[in-house]
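S.K.: Pasting a structure below so you can have a look.
The values are calculated or read from the model by the stated rules, or taken from the named source; none is laboratory data. As the structure is a computational prediction, the values presented were derived from the model and not from experiment. Backbone-built Cβ (ideal geometry, glycine too); neighbour counts: all protein chains shown.
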Amino acid sequence: MRIKNLSTSYFTDDGIVKAVYDVSLDLSAGQTIGIVGESGCGKSTLGKSIMRLIRPPGKITNGEIIFNHQDILKMDEKKIREIRGGDIAMIFQDPMSSLNPVFTIGSQIGETIKLHQKIKNKHELEEKVVAILEKVGISDALRRLSEYPHQFSGGMRQRVMIAMALSCNPKFLIADEPTTSLDVTIQAQILDLIGNLKKEFNSAIMLITHNIAVVAEFCDYVAVMYAGKIIEYSNTHNIFKNPKHPYTRAILGSLPRIDSTLEELTTIPGIVPSLINLPAGCVFNPRCSEKITICSEINPKYVEIEPEHYTSCHLYKEIKE
Amino acid sequence: MNRTVARVSAIDDVSFKIYEGESLGLVGESGCGKTTLGRCILHLIEPTDGEIIYNNKSLKSLNKKEMKDFRRQSSIIFQDPFLSLHPRMTVGEIIGEPHVIHGTARGKEKEKKITEWLQKVGLNPYHIYRYPHQFSGGQKQRIGIARAMILNPKFVIADEPVAALDVSVRASIINLMKTFQKQYNITILFISHDIAVVRQICNRIIVMYLGKIFETAKVPELFDEPLHPYTKALLSSVPIPDPDVKKERIILEGDVPTPINPPTGCRFHPRCFERMPICSEVEPKKIEINENHSVFCHLYK
């Protein structure tokens, strides 16, 4: 998948909210990318934009999303519906909001399979649903087919969501905060499950999360977002061991760890800017401890500063060809 | 028509001490009972059985005046900054409310204390005229802290005070609480599901599971030498923000059982990777490994 210069804005009464601005990313089969950032940075909007799930007053205002040699943004509704849930699937944070409470688990997963794999035979459908439920670790699957979402725990519901997402062997899976509402031991189970399934299906995964620690173990690449922009991108090792952007460094320094006690955690003064009234120059400059004069005047370009390491920051120079 | 359908035991036969000046962490996942425990300690909920003894007196035995004294000396910081601040009260009124309730300061003197605490939590004096909705999550939490601190309490319970905040904001609130604890020598009970945060603030930790205490230890020791299999699993599931650290992850099977029908014997036995036959029959008693470390598990003697 190749995302180029994607921008999505919300046109509200108070002004235009630039939720995602000029984002470019590549992702290949079998790779995992973590999109990290705090509330309002645009990561969820990014995920939804890829699936074309943006509704008014939101609108994708610019860019291309090339998938299988076609631009998703130029596809008609019919084609998009074929892809959505088929080649590209999405898991959301709160399973209850994406599972219909009045339909059984079996019928909801069945619906997805019926739509995308065009299976009409009831028996065959049921077999497939049981198989996928067992694959995501739900024991006693045959009996549980006729149960309703409220009869499942949070962790189980998330497994059902994953089952639905994987039921059609997607090439690309977007997981938006898949474990945020779960207990940490259940989170470990779910991430373990997604990791195993990734190996089996060779799907590319985009993991959207505010939990940066999760990304360290799970992802190959990391994109850090702030106020709608990607301010740093590289492989996981670089981001954690060799972070360049002052925001990335501050965030990493603010994380409490279970393997050590720090005297004081790094803090970032001020608050995230309004996406309607972004500051002049670099969006992070008012809060940046390393800013120089040019930072409040000119928006830094997003460039490659080391092999496979991109950032938008005046402190760094683009590598020469 | 009232009919008891089931008895949900949120906390079951829990005993522990909180020492003056210490920062005690209470960790556990959903349904472990830590929030209920916090509220019982402050007598916000009445325990069904058992006692809370404060300064050698049982809370049940306190008369009205003594109870008021207790309330003045203790306070709570809540998790949700949105829900814990009254939307129709100004920040000044919110922070000053404890003084109004206890009649401990009035007029100019009260205003002075409010402004003092606003500044101590890093906000501006002119904020006293503003309403909660005009502040960010982190700022609201600072207001909650100022309110909890204004009567100079001896004992503060913080119930998931940073869970609803962004990462960078959490750090500033954690730093703030650590500073206050040292400065004012407050005893803190820090309730959290986030064990990494607890490591930063606390010197002692209690691990709870399904209404029971499983392990208690001083901070570095719990992390360096966890004893209870659940503690080991809990620690191993916390992600570390370092790709070079290769973890032996213990993946627990199944979900946390319902507190309505807890498992027999040790409540963790159905999911325990080190279980023995006795575990499903007999509830483990407390074993003191050393003066600072105790565990409830049949693996130890």
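S.K.: What are the pairs with Cβ atoms under 8 angstrom where one residue, in region A:176-193, is at the interface with another protein chain (Cβ under 9 Å from one of its Cβ atoms) and the other, located anywhere, is in a helix (DSSP H, G or I) and acidic (Asp, Glu)? Sequence gap at least six, or different chains.
M.R.: A:LEU191/A:GLU217
S.K.: Now for a different question. Name the helices (runs of 4 or more DSSP H) wholly inside region A:184-276 in which the number of residues that are within 18 Å of the chain's Cα centre (by Cα) and modelled with pLDDT of 90 or more is 2 or more.
M.R.: So the answer is A:212-218, A:236-241.
S.K.: Looking at region A:66-104 only, could you name the residues that are assigned to a strand (DSSP E or B) and surrounded by 14 or more Cβ atoms within 10 Å (Cβ to Cβ)?
M.R.: Across region A:66-104, the qualifying residues are A:ILE66, A:PHE67, A:ARG84, A:ILE88, A:ALA89, A:MET90, A:ILE91.
S.K.: Could you please find all residues in region B:161-188 being polar (S, T, N, Q), surrounded by fewer than 22 Cβ atoms within 10 Å (Cβ to Cβ) and free of Cβ contacts under 8 Å to residues at least 24 places away in the same chain?
M.R.: Within region B:161-188, B:ASN175, B:THR179, B:GLN183 meet the criteria.
S.K.: Tell me which residues, restricted to region A:119-152, are without any contact (Cβ under 8 Å) to a residue 24 or more places away in the chain and in a loop (DSSP other than H, G, I, E, B).
M.R.: A:ILE119, A:LYS120, A:ASN121, A:SER139, A:ASP140
S.K.: Answer yes if at least one residue in region B:210-227 is in contact (Cβ under 8 Å) with a residue 60 or more places away in the chain, within 11 Å of chain A (Cβ to nearest Cβ), aromatic (Phe, Trp, Tyr) and not in a loop (DSSP other than H, G, I, E, B), and no otherwise.
M.R.: No; the residues of region B:210-227 include none that is in contact (Cβ under 8 Å) with a residue 60 or more places away in the chain, within 11 Å of chain A (Cβ to nearest Cβ), aromatic (Phe, Trp, Tyr) and not in a loop (DSSP other than H, G, I, E, B).
S.K.: Working carefully through the options B:ASN203, B:ASN261, find the one that is among the polar types (S, T, N, Q), modelled with pLDDT under 90 and over 16 Å from B:LYS34 (Cβ atoms).
M.R.: Details: B:ASN203 fails: modelled with pLDDT under 90.
That would be B:ASN261, the only listed residue that is among the polar types (S, T, N, Q), modelled with pLDDT under 90 and over 16 Å from B:LYS34 (Cβ atoms).
S.K.: Could you tell me which residue of region A:216-265 is farthest from the other protein chains (Cβ to nearest Cβ), considering only residues that are touching a Leu at 6+ places or on another chain (Cβ under 7 Å) and free of Cβ contacts under 8 Å to residues at least 12 places away in the same chain?
M.R.: Across region A:216-265, the extreme among qualifying residues is A:PRO243.
S.K.: Show the residue pairs meeting these rules: Cβ distance below 6 Å; 6+ apart or different chains; first residue within region A:74-94 and over 13 Å from A:LEU115 (Cα atoms); second residue part of a strand (DSSP E or B).
M.R.: A:ILE88/A:PHE172; A:ALA89/A:LEU173; A:MET90/A:ILE174; A:ILE91/A:ALA175; A:PHE92/A:ASP176; A:GLN93/A:ASP176
S.K.: Just one of B:ILE191, B:ILE205, B:ILE157 is crowded, with 23+ Cβ neighbours inside 10 Å, within 14 Å of chain A (Cβ to nearest Cβ) and within 28 Å of B:GLU291 (Cβ to Cβ); which is it?
M.R.: Unique residue meeting the criteria: B:ILE205.
S.K.: Still on this structure, please answer the following. Condition check: closer than 24 Å to B:THR90 by Cα, among the polar types (S, T, N, Q) and more than 9 Å from chain A (Cβ to nearest Cβ). Does B:GLN119 satisfy that?
M.R.: Answer is yes for this residue.
S.K.: Looking at region A:137-178, which of its residues are basic (Lys, Arg) and farther than 20 Å from A:LYS48 by Cβ?
M.R.: A:ARG143, A:ARG144, A:ARG157, A:ARG159
S.K.: Given A:GLY34, A:GLY40, A:GLY63, A:GLY47, which one is surrounded by 17 or more Cβ atoms within 10 Å (Cβ to Cβ), at pLDDT below 90 and either touching a strand residue (DSSP E or B) at 6+ places or on another chain (Cβ under 9 Å) or not in a strand (DSSP E or B) (or both)?
M.R.: Sole residue among the options that is surrounded by 17 or more Cβ atoms within 10 Å (Cβ to Cβ), at pLDDT below 90 and either touching a strand residue (DSSP E or B) at 6+ places or on another chain (Cβ under 9 Å) or not in a strand (DSSP E or B) (or both): A:GLY40.
S.K.: How many residues are away from chain B (no Cβ under 13 Å), free of Cβ contacts under 8 Å to residues at least 60 places away in the same chain and in a loop (DSSP other than H, G, I, E, B) if we restrict to region A:153-171?
M.R.: Residues that pass the stated criteria total 2.
S.K.: Out of A:ILE186, A:ILE251, A:ILE174, report the one residue that is closer than 26 Å to B:LEU165 by Cβ and out of contact with any Gly (no Cβ under 8 Å at 6 or more places or on another chain).
M.R.: A:ILE251
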